[in-house]
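Asks: Following this message is one structure expressed as structure tokens.
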Amino acid sequence: MPQAALQQSSKAQKALLITCAVLLMFLGYQAVKMLNANLSFYQTFQLKELWLKNNTLTDTSQYQIALQAINNANNAHQNNPHYLITQGLVLEWGGISDIFSKEERQQKLRLAKDYYLQAVALRPTWPVTWATLAILKWRLNEIDQSLVDYLKQADKYGAHTLDVHHAWVDVGFYLYKSKSLYTVQIIQGLRRHLKLMLKDDRITVRKSAVAMIKRHTAEKQACNWLSTYEFDTSWHKTALCSSKGS
């Protein structure tokens, strides 16, 4: 092989090796970046589960650790709907905790809504995100058509999802009892989701439905609806219809 050809071949091999080395470095960087994001997400997830287990958030430093960790995860891996939802959940926990002032809580709830909206834009078929948005709108006292639309989207993609039942029953009874102009749009969905919860084989689900009914002082209406159910409602009547005035 001529000398010129050998030199040309050597240059091509060096160029290929350099390209491969750069590619490997880039892939290695991305892998480390992803690992760090996942570790940060997991740290936040563990703290969130702890708050959920205890049903409270009382530690400001713990909250800041969780928020910083999920911030790191989102910065390292943007447009990840799981991370966006988790950041929204952390902010929402801050928004319902007494460790912050009323103004701070409202600000955190509004920020949480922004993250949920980003997540649902990326994954519009996730029903729990729509249900969470509806609950958050209610917490912000933003009673408007968007809230109803979020409930409808949750129902569209997760008609038999427990979190969707919870959102429909809790928000639905609020709208019903407050004589909201949106009641006409949600009454059928409220009745259907309540029935599904009360029909559930799990006692915890039925008790959760009863608790929401009582919280909204809607026993009388719920008892009237029980008479239209085709399944045995003796347990439900004992839980709901024996109180004074029902």
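The values are calculated or read from the model by the stated rules, or taken from the named source; none is laboratory data. Only a predicted model underlies this, so the values are computations on that prediction, with no experimental measurement involved. Note that each Cβ is placed from the backbone with ideal geometry, even for glycine, and that neighbours are counted across all protein chains shown.
Asks: Would you mention how many residues in the range 119-155 are charged (D, E, K, R) and not in a loop (DSSP other than H, G, I, E, B)?
Replies: Total meeting the criteria: 5.
Asks: Still on this structure: Do we have residue 81 as within 26 Å of residue 63 (Cα to Cα) and surrounded by fewer than 20 Cβ atoms within 10 Å (Cβ to Cβ) here? Walk me through how you get there before you give the answer.
Replies: Values: within 26 Å of residue 63 (Cα to Cα): yes; surrounded by fewer than 20 Cβ atoms within 10 Å (Cβ to Cβ): yes.
Against the criterion (within 26 Å of residue 63 (Cα to Cα) and surrounded by fewer than 20 Cβ atoms within 10 Å (Cβ to Cβ)), residue 81 qualifies.
Asks: In addition: Against the definition (of a type in the set (Gly, Ala, Ser) and modelled with pLDDT of 95 or more), how does residue 101 come out, yes or no?
Replies: Details: of a type in the set (Gly, Ala, Ser): yes; modelled with pLDDT of 95 or more: no.
Here the answer is no, as residue 101 does not meet what is asked.
Asks: Let me ask something else about it. Could you grab the pairs with beta carbons closer than 9 Å, sequence gap of 6+ or different chains, first residue in the range 88-107 and among the aliphatic types (A, V, I, L, M), second one surrounded by 19 or more Cβ atoms within 10 Å (Cβ to Cβ) and not in a helix (DSSP H, G or I)?
Replies: Once the first residue is among the aliphatic types (A, V, I, L, M) and sits in the range 88-107, its partners that are surrounded by 19 or more Cβ atoms within 10 Å (Cβ to Cβ) and not in a helix (DSSP H, G or I) give 96/57; 99/57.
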